[in-house]
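Written out below as structure tokens is the structure these notes cover.
Just so you know, all these numbers are worked out from the coordinates, no wet-lab data involved. Remember, predicted model here, so these are calculated numbers, not experimental data. Every residue, glycine as well, gets a Cβ built from its backbone with ideal geometry; the counts of neighbours run over all protein chains shown.
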């Protein structure tokens with residue numbers, strides 16, 4: 001589109017004034033309309049973004065001119081449980097819980113560098129065992145988020161999905177989704193059709209799909225970006241459970 005030009009008539013007291021919602025002037029031209037006397041706008045402008053997605057520690061370095069950051073930090077997801085109870089027995093394997101997420105707007109106390117810790121996802125289970133928990137993620141000492149727990153497993157009774165993680169010390173603290181419980185089995189062609197529970201959803205997306213005890217083409221999937229892994233089943237296919245998703249951190253940088 002072409003430039004928009006606003007020009008007051010020349011003369012004493014003729015100005016162009018742009019105000020904020022409170023009535024304060026944020027832009028005022030000189031009396032003659034020839035120059036801008038004040039051009040200070042409130043707020044900050046997004047300049048750059050950094051992401052961290054590998055388990056372990058890393059260093060965030062503040063770019064020149066950055067005065068504030070908006071941080072999203074998510075803990076690692078738990079892995080699904082896995083159990084095989086033998087022929088014509090009901091196996092139940094629950095999904096892993098997702099890591100929590102902390103969201104924080106930081107304008108003070110921000111160092112030139114900050115240590116970023118990314119929680120590992122819970123390791124997949126290959127034997128008959130409960131899933132493994134995910135690790136805690138953090139951005140310096142400003143905010144953190146715990147990982148989700150591993151899913152449970154068993155041959156009878158309730159098999160609970162892994163508990164979710166939660167954000168801490170953020171401007172907004174969010175819980176991850178808990179893992180799904182192991183499904184109740186149904187008889188089908190003299191086999192017990194047992195489905196594992198799916199992994200819990202993190203802030204960034206859904207958890208890993210569970211395998212089933214009847215359809216050998218449906219395998220357990222790993223979680224991503226802090227979501228939980230799906231439950232495994234060994235009666236029919238021997239597949240491992242899904243691993244939990246590695247934690248995640250995004251830093252939006254403002255001038």
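Here are the numbers:
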| quantity | calculated |
| --- | --- |
| Which of 255, 82 has the fewest Cβ neighbours within 10 Å, and the rest in rising order | 255, 82 |
| Calculated FRET efficiency for the pair residue 126/residue 62, C-beta based, R₀ 30 Å, to 0.05 | 0.10 |
| Residue 53-residue 108 pseudo-label distance in nm [points 7 Å out on the Cα-to-Cβ vector] | 3.6 |
| Contour minus Cα-Cα distance for residue 172 and residue 45 (0.36 nm per residue) | 43.6 nm |
| Listed peptides 96-106, 114-124 by packing density, highest first (mean Cβ within 10 Å) | 96-106, 114-124 |
| Ordering of 196-207, 139-150, 220-231, 53-64 by packing [mean C-beta count within 10 Å, highest first] | 220-231, 196-207, 139-150, 53-64 |
| Gyration tensor (Cα) of the range 109-167, equivalent ellipsoid semi-axes in angstrom | 33, 12, 3 |
| Highest average packing first - 241-247, 128-134, 167-173, Cβ atoms within 10 Å | 241-247, 128-134, 167-173 |
